[in-house]
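The values are calculated or read from the model by the stated rules, or taken from the named source; none is laboratory data. As the structure is a prediction and not an experimental result, all values here were calculated from the model. Backbone-built Cβ (ideal geometry, glycine too); neighbour counts: all protein chains shown. Just so you know, the surface numbers come from the protein's heavy atoms only, side chains and all, with ligands and any DNA or RNA stripped out. Shrake-Rupley method; radii C 1.70, N 1.55, O 1.52, S 1.80 Å.
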Amino acid sequence: MGGDVALRLAAKRPDLIASLTMLGSSARSEPPEQLAWVDTWLEGAAKDGGFKGENLETFMEVMFGETSRNTEVKREVLNHWRDKMEVCTLSLWPAILGVIQRKRVVELLPNMQETNWKLLIKNTNIRVTKSN
């Protein structure tokens, strides 16, 4: 969610931003099929009383890339977060839904170009820098 918040802030209050570099963030909302999948996933987790078993492993896949999940030196960190996620209560779910159901911010990108910012878009990565 950090990239989404950063883009919104940069578009609405560029005076507060000195520089902004984003990696792996999207200005787009989730596709409809992803939203449907998340609803099914969360319903299953609710029936299980939280993130357990297969739902927990799916959560790990959502939060951590394949390389991280399959790197031995990261095992301790992954186990730490797996333990944290496993005890998440339903009170955390509104935050999860907030990330998944966020609205697209693509329309705000031209606002940044109208300021003294330079906006570079390459594939799905966005880098915004302040022009001097």
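Filter segment 8-59 down to the residues that are in contact (Cβ under 8 Å) with a residue 40 or more places away in the chain and β-branched (Val, Ile, Thr) and list them by number.
Passing the criteria: Ile17, Thr21, Val38.
Within segment 13-27, restricting attention to residues that are within 17 Å of Pro110 (Cα to Cα) and under 11 Å from the mean Cα position of the chain (by Cα), which residue is surrounded by the most Cβ atoms within 10 Å (Cβ to Cβ)?
This residue is Ala27.
Just checking, how many residues over segment 60-71 are within 23 Å of Gly2 (Cα to Cα) and open to solvent by 60 Å² or more (accessible area, probe 1.4 Å)?
6
Does any residue of segment 111-119 turn out to be surrounded by 11 or more Cβ atoms within 10 Å (Cβ to Cβ), assigned to a helix (DSSP H, G or I) and in contact (Cβ under 8 Å) with a residue 12 or more places away in the chain?
Scanning segment 111-119 turns up at least one residue that is surrounded by 11 or more Cβ atoms within 10 Å (Cβ to Cβ), assigned to a helix (DSSP H, G or I) and in contact (Cβ under 8 Å) with a residue 12 or more places away in the chain.
If the Cβ limit is 8 Å and pairs must be 6+ apart or interchain, which residue in segment 72-89 that is exposed (fewer than 13 other Cβ atoms within 10 Å of the Cβ) pairs with which residue that is not in a helix (DSSP H, G or I)?
Val87/Gly50; Thr89/Gly50
Check off (1) modelled with pLDDT under 80; (2) surrounded by 12 or more Cβ atoms within 10 Å (Cβ to Cβ) for Glu57 and give me the number that stays unchecked.
Glu57 satisfies all of (1) modelled with pLDDT under 80; (2) surrounded by 12 or more Cβ atoms within 10 Å (Cβ to Cβ) except (1).
In segment 95-104, which residues are open to solvent by 90 Å² or more (accessible area, probe 1.4 Å) and not basic (Lys, Arg)?
Selection gives Gln101 alone.
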